[in-house]
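The values are calculated or read from the model by the stated rules, or taken from the named source; none is laboratory data. As the structure is a computational prediction, the values presented were derived from the model and not from experiment. Methodologically, a virtual Cβ is constructed for each residue, glycine included, from the backbone with ideal geometry; neighbour enumeration extends over all protein chains shown. Ligands, DNA and RNA are stripped out before the accessible areas are found, and what is left, the full protein with its side chains, is counted by its heavy atoms. Shrake-Rupley method; radii C 1.70, N 1.55, O 1.52, S 1.80 Å.
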Amino acid sequence: VQLVESGGGLLQAGGSLRLSCSASGRYFSSYTLAWFRQASGKEREFVSGISWSDSSTYYAGSVKGRFTISRDSAKNTVYLQMSSLKVEDTAVYYCAADPDYRGARTKNYNYWGQGTQVTVSS
């Protein structure tokens, strides 16, 4: 499984940004795809996840209502639409995938992208 993130950048607080994760190498019907982030000096944390089979979604409390995860099956791509961005959203954002696990634990995801930097300035 290969995951490639894109869409990161530098923007001001209150702005919006959409991240993309292009997935390849498997038939993803049973997979969960998720977004994590890691701020400098901090542990990687769960942001949001989506079940490929039924598009059910789940979010960390810190982003609920501001971020929206979605998928495009035809393009094998998962998106993270981020709105009302805050300085504390600054981090490297990673896409992750797993065929058997659905949840927020970093160690349970077997496949990871290389990450994309999101920097939010005040």
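Carbon-plus-sulfur fraction of the accessible area of the chain, 1.4 Å probe, in percent?
Answer for the chain: carbon and sulfur cover 45 percent of the accessible area.
If you add up the charges near GLU5, with Lys and Arg at +1 and Asp and Glu at -1, over every other residue whose beta carbon is less than 12 angstrom from its beta carbon, what do you get?
+2
Just how large is the dipole of the range 23-120 about the Cα centre, in debye to the nearest 20, putting +1 at every Lys and Arg Cβ and -1 at every Asp and Glu Cβ?
60 debye
Starting from the Cα of GLN2, step 7 Å along the direction of its Cβ; do the same at GLU45; then give the gap between the two resulting points in nm.
Going from the GLN2 label point to the GLU45 one covers 3.2 nm.
Using DSSP to call loops (not H, G, I, E or B), can you name the trypsin sites (Lys or Arg not before Pro) in the range 1-79 whose Cβ has at most 13 other Cβ atoms within 10 angstrom? Walk me through the intermediate numbers first.
Values: sites: ARG18, ARG26, ARG37, LYS42, ARG44, LYS64, ARG66, ARG71, LYS75; in loops: ARG26, LYS42, ARG44, ARG66.
Of the trypsin sites (Lys or Arg not before Pro), the ones in loops of the range 1-79 whose Cβ has at most 13 other Cβ atoms within 10 Å are LYS42.
Calculate how many DSSP beta bridges within the chain are antiparallel, expressed in % of all such bridges and rounded to the nearest 5.
On the way: 38 of 43 bridges.
Of the beta bridges lying entirely in the chain, close to 90 percent run antiparallel.
Using the eigenvalues of the Cα gyration tensor, what equivalent ellipsoid semi-axes result for the chain when each is taken as the square root of five times the eigenvalue, whole Å, largest first?
The three semi-axes for the chain are 23, 14, 13 Å.
With a cut-off of 8 Å between alpha carbons and a minimum separation of six or more residues, what is the relative contact order of the range 20-93 in percent?
Relative CO of the range 20-93 lands at 33 percent.
At 1.4 Å probe radius, can you tell me the per residue accessible area of the chain in Å²? Please list the in-between numbers first.
On the way: 6090 Å² over 122 residues.
Accessible area per residue, the chain: 50 Å².
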